[in-house]
Amino acid sequence: MTKKTPLNEIRSFIAEVIENISEHFTCKNIIGIGGSLRSLSKIIMERTNYPLKTVHGFEYELSEHMPFIDEIISADVLGLKALGVRKDRYDTMREGCIIFQAIAQKFEASTLITSGAGIREGAYLSDLLRSNQHKFNSDFKLSLKSLKDRFCFTEKENLYIKRLAISLFDTLSPLHGINPSFKYELGVACELYNIGISLGFYQNQLHSFYFVLNNLNYGFSHQQKILIAMLIKYHTNKLPTEEDILPYKMLLPDIKTLNWLSFLLSLTKAISNDKTQSNIAFSYQNHTLTIESERKLFLARDQIKQLLKPASFAIIIK
């Protein structure tokens, strides 16, 4: 095979090789590793004005972009340049794409998930985790652990806030009606909301937003990452607007869900502002949220009055 070999001959050769793969080996979601597939993902991100720059975790539907992949496979060098392929990929991009296309069709795949890690990282982790069946524990999130270890100085307090936020979510569920699955992202936001203080106190929520957006990678989808980052960015007395979320709208839930989750984090932070970590109970009835505490929450009362609520209801502290 050479670069002058006709495409139909190349396709026939690849088809013959992958014929050895069992017919039962199919998967709708496949993981893309290696330089060619990461380069392809970067080009697709640029072509679609994708709001994030992190290639790890980027997903796309193969059916939407297969015509573009065909263009790359059929292009000459000048054509590759016009399609956005970098110069250092001219010699491998077409070959990588044609092999990828054939394998994706063989597997009957519909979605590609891009991996920023590859065989090298896999070999390292396989050795590191050899006594744990080559896997991290299911509840261990590498990027979350890394951020907390480096930037979180109030972990005990943050976990207390997380417990309160989840309890508030459940208590107010008849009012907000949000899918319970969002409790996970709310909880992670509680664990990381103040990590930006390690950089500077003023506008620390913006520092936290940047840290999360650029470092919360492994174990989190892009949708989860931007949602957590946005909750942290607006955990003050402001609710995000349609204009605020516009750059990331394709990856975020509806504005109602976003406002409620943001409010729950803000309210929980206000309740715990006295740092006592006292026992607190919540109840909701007759359009009123009642907060019962073993201590007088003087600081919380003033802060709660300043919060913008996503719905009309009263808040009473006992």
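Answer yes or no as to whether SER181 is part of a helix (DSSP H, G or I), polar (S, T, N, Q), crowded, with 16+ Cβ neighbours inside 10 Å and out of contact with any strand residue (DSSP E or B) (no Cβ under 6 Å at 6 or more places or on another chain). Don't jump to the end; show me each part of the working.
Details: part of a helix (DSSP H, G or I): yes; polar (S, T, N, Q): yes; crowded, with 16+ Cβ neighbours inside 10 Å: no; out of contact with any strand residue (DSSP E or B) (no Cβ under 6 Å at 6 or more places or on another chain): yes.
When the stated conditions are applied, SER181 does not pass them.
Report, by residue number, each residue of the range 135-169 that is surrounded by 13 or more Cβ atoms within 10 Å (Cβ to Cβ), charged (D, E, K, R) and more than 21 Å from the chain's Cα centre (by Cα). If the condition is that a residue be surrounded by 13 or more Cβ atoms within 10 Å (Cβ to Cβ), charged (D, E, K, R) and more than 21 Å from the chain's Cα centre (by Cα), then GLU157, ARG163 are the ones that fit. The number of residues in the range 1-34 being of a type in the set (Val, Ile, Thr), outside any helix (DSSP H, G or I) and over 24 Å from GLU61 (Cα atoms) comes to 2. Residues that are within 25 Å of the chain's Cα centre (by Cα) and part of a loop (DSSP other than H, G, I, E, B) were ranked within the range 53-81; the one that is surrounded by the fewest Cβ atoms within 10 Å (Cβ to Cβ) is LYS53.
The condition (being under 23 Å from GLY122 (Cβ atoms) and either polar (S, T, N, Q) or assigned by TED's automatic domain parsing to the domain that holds ILE226 (or both)) is satisfied by just one residue among SER12, SER63, SER74, SER22: SER22.
Yes/no per residue for (1) surrounded by 11 or more Cβ atoms within 10 Å (Cβ to Cβ); (2) without any contact (Cβ under 8 Å) to a residue 40 or more places away in the chain:
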residue: ALA104; (1), (2): yes, no
residue: SER110; (1), (2): yes, no
residue: GLU121; (1), (2): yes, yes
residue: LEU129; (1), (2): yes, yes
residue: ASN132; (1), (2): no, yes
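Filtered by the rule that a residue be at pLDDT 95 or above and not hydroxyl-bearing (Ser, Thr, Tyr), the range 110-129 gives LEU112, ILE113.
With respect to (1) under 29 Å from VAL212 (Cα atoms); (2) in contact with a strand residue (DSSP E or B) (Cβ under 7 Å, 6 or more places away or on another chain), the lone exception for ALA109 is condition (1). Select, from LEU213, LEU186, LEU227, the only residue that is over 12 Å from the mean Cα position of the chain (by Cα) and not acidic (Asp, Glu). LEU186 is the lone residue from the list that is over 12 Å from the mean Cα position of the chain (by Cα) and not acidic (Asp, Glu). Residues being farther than 27 Å from SER278 by Cα, assigned to a loop (DSSP other than H, G, I, E, B) and modelled with pLDDT of 90 or more are entirely absent from the range 130-140.
The values are calculated or read from the model by the stated rules, or taken from the named source; none is laboratory data. None of these values were measured; they are calculated from a predicted model. Cβ: placed from backbone, ideal geometry, glycine included. Neighbour counts: every protein chain shown.
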